[in-house]
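Scroll down for the structure; my scribbles are underneath it.
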């Protein structure tokens, strides 16, 4: 069993005051045999040295990432920090940060980090919480795919660091006092843990009924649908890919053996008529086009919280929706977190942590009920203990 404790602050200028505020909300006397911390925060908390000073006050390791908005049952806001503590007598925790990831050697470095953590853990984990850097090469899907292969399909949940600026140039991943823009931080959990994973992108009415079949692809590049260049297929069903496509035109991918679709962004149109997507696209899968809007964000969040409340677990919830969902809600950018907090009665039902991600990592169940690791865009992504 795991117990979840949360704390929240918006005090970044007076570091000692902010740390004191966090420690007032978490009784370190409640900690069990083993503990670990997870932090999502505005980048100022990283750059100012707040995280490094906080770590010295905590008797456990922490990992984390920067985000557009963070929140917990104590509050939520853009210029904030949320600390979540997982503590247990039965579970063991280890944290690790990879070396700098580059396009040529990222897999080896992820493998080395995995070996380091599992070695200290004394065996394979039952869950990995992974925070990925915001990089073009390797991209999130490539890092996720490598980690999935290396860990042998162990459930991986997490996301990609973001920031309030569109360029994400101040997006950090961190472990204890280490902070970097090009490394992966991971929390390995070993023991009897059976989390519930809930992921939802769009209401079904926001997904076109017509589907095409992927007939040629290469990793994240969707080359052909129904035997013709992907851009030609999309044009044939009335879809024009424009600069705002990553926000308004989710591509819904129905992987073989997975009953529910995975939402991916379309990032670019290539010279050969293929399109570059936010995640892997596999030949044989079918695709449809969806539409994201402020209303669809709220409706899908409501459905997601209904699933959370019906899953029967109450020991804590980690939430990382896609950053595009917050953007779509402007000027009511915190509408989704208001809904979450109200559904959980400000933490009375269970404590929760929330942040926004530049790509969501959440397992989904196949037709046989087996969990398969997947990389998503546009989604409401939850891990419930």
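The values are calculated or read from the model by the stated rules, or taken from the named source; none is laboratory data. Quantities reported herein were computed from a predicted structural model and do not represent experimental measurements. Cβ atoms come from the backbone with ideal geometry, glycine included; neighbour counts cover every protein chain shown.
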Residue within segment 77-86 that is modelled with pLDDT under 95, farther than 23 Å from residue 195 by Cβ, surrounded by fewer than 21 Cβ atoms within 10 Å (Cβ to Cβ) and out of contact with any helix residue (DSSP H, G or I) (no Cβ under 8 Å at 6 or more places or on another chain) present: yes
Qualifying residue in segment 58-67 (condition: surrounded by fewer than 24 Cβ atoms within 10 Å (Cβ to Cβ), out of contact with any strand residue (DSSP E or B) (no Cβ under 8 Å at 6 or more places or on another chain) and assigned by TED's automatic domain parsing to the domain that holds residue 154): no
Complete set of residues in segment 368-382 that are surrounded by 24 or more Cβ atoms within 10 Å (Cβ to Cβ) and assigned to a strand (DSSP E or B): 375, 376, 380, 381, 382
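In segment 198-213, what residues are touching a strand residue (DSSP E or B) at 6+ places or on another chain (Cβ under 6 Å) and crowded, with 16+ Cβ neighbours inside 10 Å? Reasoning before the result, please.
Filtering segment 198-213 for residues touching a strand residue (DSSP E or B) at 6+ places or on another chain (Cβ under 6 Å) gives 198-202, 206-208, 211-213.
Across segment 198-213, the qualifying residues are 198, 199, 200, 201, 202, 206, 207, 211, 212.
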Residue count for segment 295-324, restricted to those that are in contact with a helix residue (DSSP H, G or I) (Cβ under 6 Å, 6 or more places away or on another chain) and over 30 Å from residue 87 (Cβ atoms): 3
Matching residues, segment 312-325, being at pLDDT below 95, surrounded by fewer than 24 Cβ atoms within 10 Å (Cβ to Cβ) and touching a strand residue (DSSP E or B) at 6+ places or on another chain (Cβ under 7 Å): 313
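May I ask you to verify whether residue 337 is touching a residue at least 40 places away in the same chain (Cβ under 8 Å), under 30 Å from residue 227 (Cβ atoms) and under 17 Å from the mean Cα position of the chain (by Cα)?
On the way: touching a residue at least 40 places away in the same chain (Cβ under 8 Å): yes; under 30 Å from residue 227 (Cβ atoms): no; under 17 Å from the mean Cα position of the chain (by Cα): yes.
Considered against the rule, which asks whether it is touching a residue at least 40 places away in the same chain (Cβ under 8 Å), under 30 Å from residue 227 (Cβ atoms) and under 17 Å from the mean Cα position of the chain (by Cα), residue 337 comes out as no.
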Close pairs from segment 1-19: first on the phi < 0 side of the Ramachandran plot and assigned by TED's automatic domain parsing to the domain that holds residue 66, partner in a strand (DSSP E or B) and surrounded by fewer than 20 Cβ atoms within 10 Å (Cβ to Cβ), Cβ under 9 Å, at least 6 apart: 8/75; 8/77; 9/75; 10/75; 10/77
Residue match in segment 232-252 (condition: surrounded by fewer than 14 Cβ atoms within 10 Å (Cβ to Cβ), modelled with pLDDT of 95 or more and more than 27 Å from residue 365 (Cβ to Cβ)): no
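Considering segment 358-367 alone, what residues qualify as being surrounded by fewer than 16 Cβ atoms within 10 Å (Cβ to Cβ) and either under 27 Å from residue 3 (Cβ atoms) or without any contact (Cβ under 8 Å) to a residue 24 or more places away in the chain (or both)? Spell out how you get there, then give the answer.
We begin by selecting, within segment 358-367, every residue surrounded by fewer than 16 Cβ atoms within 10 Å (Cβ to Cβ); these are 365-367.
The answer is 365, and nothing else.
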Filter result for residue 355 (assigned by TED's automatic domain parsing to the domain that holds residue 154, under 22 Å from residue 81 (Cβ atoms), crowded, with 16+ Cβ neighbours inside 10 Å and touching a residue at least 60 places away in the same chain (Cβ under 8 Å)): yes
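For (1) without any contact (Cβ under 8 Å) to a residue 40 or more places away in the chain; (2) touching a helix residue (DSSP H, G or I) at 6+ places or on another chain (Cβ under 8 Å); (3) closer than 26 Å to residue 136 by Cα, each residue gets a yes or a no:
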residue: 155; (1), (2), (3): no, no, yes
residue: 158; (1), (2), (3): no, no, yes
residue: 168; (1), (2), (3): no, no, yes
residue: 177; (1), (2), (3): no, yes, yes
residue: 184; (1), (2), (3): no, yes, yes
residue: 189; (1), (2), (3): no, no, no
residue: 193; (1), (2), (3): no, no, no
residue: 203; (1), (2), (3): no, yes, no
residue: 213; (1), (2), (3): no, no, no
Qualifying residue in segment 308-315 (condition: part of a helix (DSSP H, G or I) and over 19 Å from the mean Cα position of the chain (by Cα)): yes
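Show me the strands (runs of 3 or more DSSP E) found entirely inside segment 230-305 where at least 2 residues are more than 18 Å from the chain's Cα centre (by Cα).
Details: elements: 251-254, 262-264, 266-269, 275-277, 286-289.
Where strands (runs of 3 or more DSSP E) fall fully within segment 230-305 and carry at least 2 residues being more than 18 Å from the chain's Cα centre (by Cα), they are 251-254, 266-269, 275-277, 286-289.
In segment 99-116, what residues are closer than 13 Å to residue 188 by Cα and under 21 Å from the mean Cα position of the chain (by Cα)? First the steps, then the outcome.
Step one: filter segment 99-116 for residues closer than 13 Å to residue 188 by Cα, giving 113-116.
Passing the criteria: 113, 114.
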